[in-house]
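For reference, the structure is listed below as structure tokens.
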Amino acid sequence: MNLIDKTIAAVAPQWGLRRARARLAITAHYDAAKVGRRTSSLRASRADADGAARGRDRMAAFGRDMVRNTPFARRAQSVIAGGVVGDGIIPKVTCTYPDLNEQAVKRIRKRGLQRIEQHLDSCRIDRAGRLNLYGLQHLAMRTIVESGEVLIRLHSGDVPGGLPFQIEVLEPDYLDTGRYGWTADGAEIREGIEFDAAGRRAAYWLFPEHPGADWSPHTRSGVSERVPADEVWHIYLLERPGQDRGVTWFAPVMMRLQDLGDFGDAQLMRQKISACFAAFRIGGDGSKASEFTELAPGLIYDLGDAEEVRFAEPPGVDGYDEFTRNLLRSVAADMGVTYEALTGDLSQVNFSSARMGRLEMDQNISAWQHLMLIPQMMQPLASLFVKAWQSVDGEELADAGLPGDIWDHLDLSWVPPRKIIVDPAREFSALREAVRSGFASRQQVIRQLGIDPERLLEEIAQDRDEADRLQLPFDSDPRADVSRQTSAGIGVEEVIEEMQARARAGQAEGKIRRIR
């Protein structure tokens, strides 16, 4: 600020401020910071994350309508939910208790696996009794894509044959977004979410029934109820600091998908018109025209001297594929999936390009798994599971000799679903070389395939023991392959003796056959 600016600011502060702003605008070096025709379509807003998404409820309704009526919107929802959840994010019991013998760890893990199979793997966990845990995961993820968020409410109580809790997946419409204000203890309510004086979530104001359901005075009061925050999990993709609610994932592509649907309908009508073969008869002298009512193959019809026939020239359909393909590429990029996954069109890719696109999509899927669904839904479920498990089996495990504080060292880890292998011959070879070269551990590679390493080893051991019991040799067993036995600690002499014994046995069998 020079001397003139300082003098003006001292005498007239408002004038000095306008002068300073004008100087900054003139000296700005970013084209995007300038105001003009090129930036007229941009909307500069200093609103926070929730203020910028005031119409999220309307957008969520539009998103559901698109899923119902727009094929590519439904396809995008299925691709994302299938990639994130697949056939389920599987729980695994982990024990970090120090100095606990291996037999005790196996006992606690076996008992935990039984409880997982009884409660989480069955429909007992669902309040409605329709889905198991993995179906609820998939339902929650589909709701997040179309509505931007999902609510999961916990219900405590005895469950026959299972643990004493159930969960219920709710659409965000259950949230009373019209409730604002302050409570007597200094808590603030914004869009149906109650925050305490420290800014932490204290409660949710939920309707007892879906506000869009058929109204009945006997079952619905239309008044929201306060539900403590520890009984509700609010899951959404956090994209900005301070964001309290989510926005439908179709928001950036909603208009383009709708325009694409309208364009497709228009092109379909154009094709119908193009397929029509119409003829127009023109009379010349005003006399009664001939009875010319329809066209038929091989028809020969005599017209009057003053009559003329002209045929329609319907419009052609050009450039539809190229335009649609480019538009769907932008939609797929905005949704974080590949064009091939969104459309199923594999006509313009080879193995390398398909794998490169799949790798980028896998990064997005991994982020949605480990930065949203697992920390916001699965980890709270793990804590709830351990507490419920302790209430059921605490005394039994204590009587079995396990320490009483072992529950503080028990948890559930989560194994994401297996990844699709594009070319098994190439990719498995690369994974095998990475393990043999020391660039990756065997457990790491197994987890990349969506398999629990411990369960895999247990199943391999069971297969081996069962094959030995039934005396069934398989070439997958290294004991049946002499070339692999040297690496298993068997000496060369033993291998040679084994080979000679087999050769002698073969020669003896050949002599017997010749004698016969």
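The values are calculated or read from the model by the stated rules, or taken from the named source; none is laboratory data. Here the structure is a predicted model, which is why all the values come from computation and not from measurement. With ideal geometry, Cβ positions are generated from the backbone for all residues, glycine too; neighbour counts draw on all protein chains shown. Quick note on the areas: whole protein, heavy atoms, side chains included, nothing else; ligands and nucleic acids left out. Shrake-Rupley method; radii C 1.70, N 1.55, O 1.52, S 1.80 Å.
Tell me, yes or no, whether segment 32-44 has at least one residue that is at pLDDT 70 or above, open to solvent by less than 60 Å² (accessible area, probe 1.4 Å), within 30 Å of residue 331 (Cβ to Cβ) and among the aliphatic types (A, V, I, L, M).
No, there is no match, as no residue in segment 32-44 is at pLDDT 70 or above, open to solvent by less than 60 Å² (accessible area, probe 1.4 Å), within 30 Å of residue 331 (Cβ to Cβ) and among the aliphatic types (A, V, I, L, M).
For segment 45-86: of the residues being in contact (Cβ under 8 Å) with a residue 60 or more places away in the chain, among the charged types (D, E, K, R) and more than 30 Å from residue 449 (Cα to Cα), which is surrounded by the most Cβ atoms within 10 Å (Cβ to Cβ)?
56
Residues of segment 373-387 being among the aliphatic types (A, V, I, L, M) and open to solvent by 40 Å² or more (accessible area, probe 1.4 Å), which ones?
384
All but one of (1) open to solvent by less than 20 Å² (accessible area, probe 1.4 Å); (2) modelled with pLDDT of 95 or more hold for residue 116; state the number of the condition that does not hold.
(2)
Consider residue 188 carefully, then state whether it is among the acidic types (Asp, Glu) and open to solvent by 50 Å² or more (accessible area, probe 1.4 Å).
Yes, satisfied.
Only one of (1) in contact with a Lys or Arg (Cβ under 7 Å, 6 or more places away or on another chain); (2) open to solvent by less than 60 Å² (accessible area, probe 1.4 Å) fails for residue 231. Which number is that?
(2)
Collect the residues in segment 371-427 that are within 20 Å of residue 98 (Cα to Cα), in a helix (DSSP H, G or I) and not small (Gly, Ala, Ser), keeping them in residue-number order.
The answer is 386, 390, 397, 399, 405, 406, 407, 408, 409.
Using the structure shown, decide if residue 266 is free of Cβ contacts under 8 Å to residues at least 60 places away in the same chain, over 30 Å from residue 156 (Cα atoms) and not β-branched (Val, Ile, Thr).
yes
Matching residues to (1) open to solvent by 40 Å² or more (accessible area, probe 1.4 Å); (2) aliphatic (A, V, I, L, M); (3) over 25 Å from residue 127 (Cβ atoms):
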residue: 199; (1), (2), (3): yes, no, yes
residue: 206; (1), (2), (3): no, yes, no
residue: 243; (1), (2), (3): no, no, yes
residue: 258; (1), (2), (3): yes, no, yes
residue: 261; (1), (2), (3): no, no, yes
residue: 272; (1), (2), (3): yes, no, yes
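Out of everything in segment 119-143 that is open to solvent by 40 Å² or more (accessible area, probe 1.4 Å) and charged (D, E, K, R), what residue ends up being nearest to residue 75 (Cα to Cα)?
142
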